[in-house]
Amino acid sequence: MIKFIEYKNINKKKWDACINSSSNPSIFVYSWYLDVVCKDWCGLVLDDYEAVFPLASKSKYKINYLYQPFFTRYFGLFTKSKVTPKILTDYFDAIPSKFKFSEFCLHENSEVRLKNADLSEKKYQVLDLSAKYESIQKGFSENAKRNVKKAIKAGLKIRPDISSDKIVHLFKTTKGKDLEVFGSEDYKTLIKLMDTCTDLNKGQSIAVYDGNKLCAAAFFMFSNNRFTFLKSGVSDDGKAKGAMHLLFDYFIKENSGKKYQLDFGGSSVENVARFYKNFGAKDCVYLQLKQNNLPNFVKWVKSLKK
């Protein structure tokens, strides 16, 4: 039987065991991760945690809705068993009717057939690290190879380990200043997430220096043989000297020849995806789902605010 379980009643030990043994475990949906990024997460659970489907909820103007929290990519059904469109429909039917609006993503193994939902494709990029570095490097674009050489020639140096607040500050004062989506609380959450990953031995930070000047930094998470690139920052000078190319080249070299994957965090934005593909990464497709069961009057009011 599929049950909707609120956060306070979730058995986290059983939840995490289900994620870990599923056919497609993801760091984004372990209980400790959700605890950091989402104040009110909940889930659909089959019997004694044979399968779980995480959800994140909020309420605004007395309307309950489901959403995708920052610093997560997707949710979906996590189980050892084969998942069919019919099984997924059963889980969606089990979502309480109080949630009148939903907008979240489903992992790449989800095949959904819902009549009352809008689905769109999104992408992220992954690189297989199992081959030797020399073999992986052959898949780099000429642009990537050229920028790595430029960074080395400029004398940029890699230094493992940098504090999370320095990474977030660099991101916030470079790329982050052009993004209006992140508020002060979101940046605090990001620092807490990095610190939590580090404390659990599931995180690694890398910095690039030009002399004593920090010009690039990045944070990678690790779970289930997959490194996931979380966030980075790079100065204008670092961009000009190929600092991020050097950083990724270093990370790939350090972790090549092992049964790992490098998840670049991903993007459907063409120029960002192109940067990751410069290292030989391939597209993976997942789905974004939108369901709107709001009363017609509320839909009309929302349309006026657009």
With a bin width of 5 angstrom, please list the P(r) values of the range 189-254 as percents of all Cα-Cα pairs, from the 0 bin to the one holding the largest distance. 4, 17, 26, 21, 18, 10, 3, 0
Tell me, what is the FRET efficiency for LYS253 and ASN201 to the nearest 0.05, using R0 = 30 angstrom and their Cβ-Cβ distance as r? 0.90
Using 0.36 nm per residue, how much length does the chain from LYS100 to ARG226 gain when fully extended, once their Cα-Cα distance is taken away? 41.9 nm
In Å, what is the Rg of the alpha-carbon atoms in the range 5-124, and how long is Dmax? 13.5, 39
Using the beta-carbon distance between LYS82 and VAL272 and R0 = 41 Å, what value does 1/(1 + (r/R0)^6) give for FRET efficiency, to the nearest 0.05? 0.80
Mind jotting down the distance between the C-alpha centroids of the range 220-271 and the range 1-20, whole Å? 32 Å
Mean separation of Cα pairs under 8 Å and 6+ residues apart, divided by the residue count of the chain: what relative contact order is that in percent? 23 percent
Ranking TRP41, PHE70, VAL83 by how far each Cα lies towards the positive end of the charge dipole of the range 38-94 (+1 on Lys and Arg Cβ, -1 on Asp and Glu Cβ), the top one is PHE70
Averaging sequence separations of C-alpha pairs under 8 Å and six or more residues apart, then dividing by the length of the range 41-99, give the relative contact order as a whole percent. 30 percent
For the range 80-227, report the translational diffusion coefficient in µm²/s to the nearest whole number, using Stokes-Einstein at 4 °C, 1.567 mPa s, and a Kirkwood Rh over Cα pairs. 66 µm²/s
THR198 neighbourhood, Cβ < 14 Å, K/R = +1, D/E = -1, net charge 0
How large is the helix-only mean residue ellipticity at 222 nm for the chain, computed as the sum of -39500 (n - 2.57) over DSSP H runs with n ≥ 4, divided by its residue count, in deg cm²/dmol to the nearest 500? -10000 deg cm²/dmol
The base-10 log of I(q)/I(0) that the Debye equation returns for the range 43-96 at q = 0.22 Å⁻¹, one scatterer per C-alpha, is -0.93
Kirkwood hydrodynamic radius of the chain, Cα pairs, Å: 20.8 Å
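Computed from the coordinates by the stated procedures, all read-outs in this text should not be read as laboratory data. Note that the coordinates shown come from a computational prediction; the quantities given were computed from them, not determined experimentally. Backbone-built Cβ (ideal geometry, glycine too); neighbour counts: all protein chains shown.
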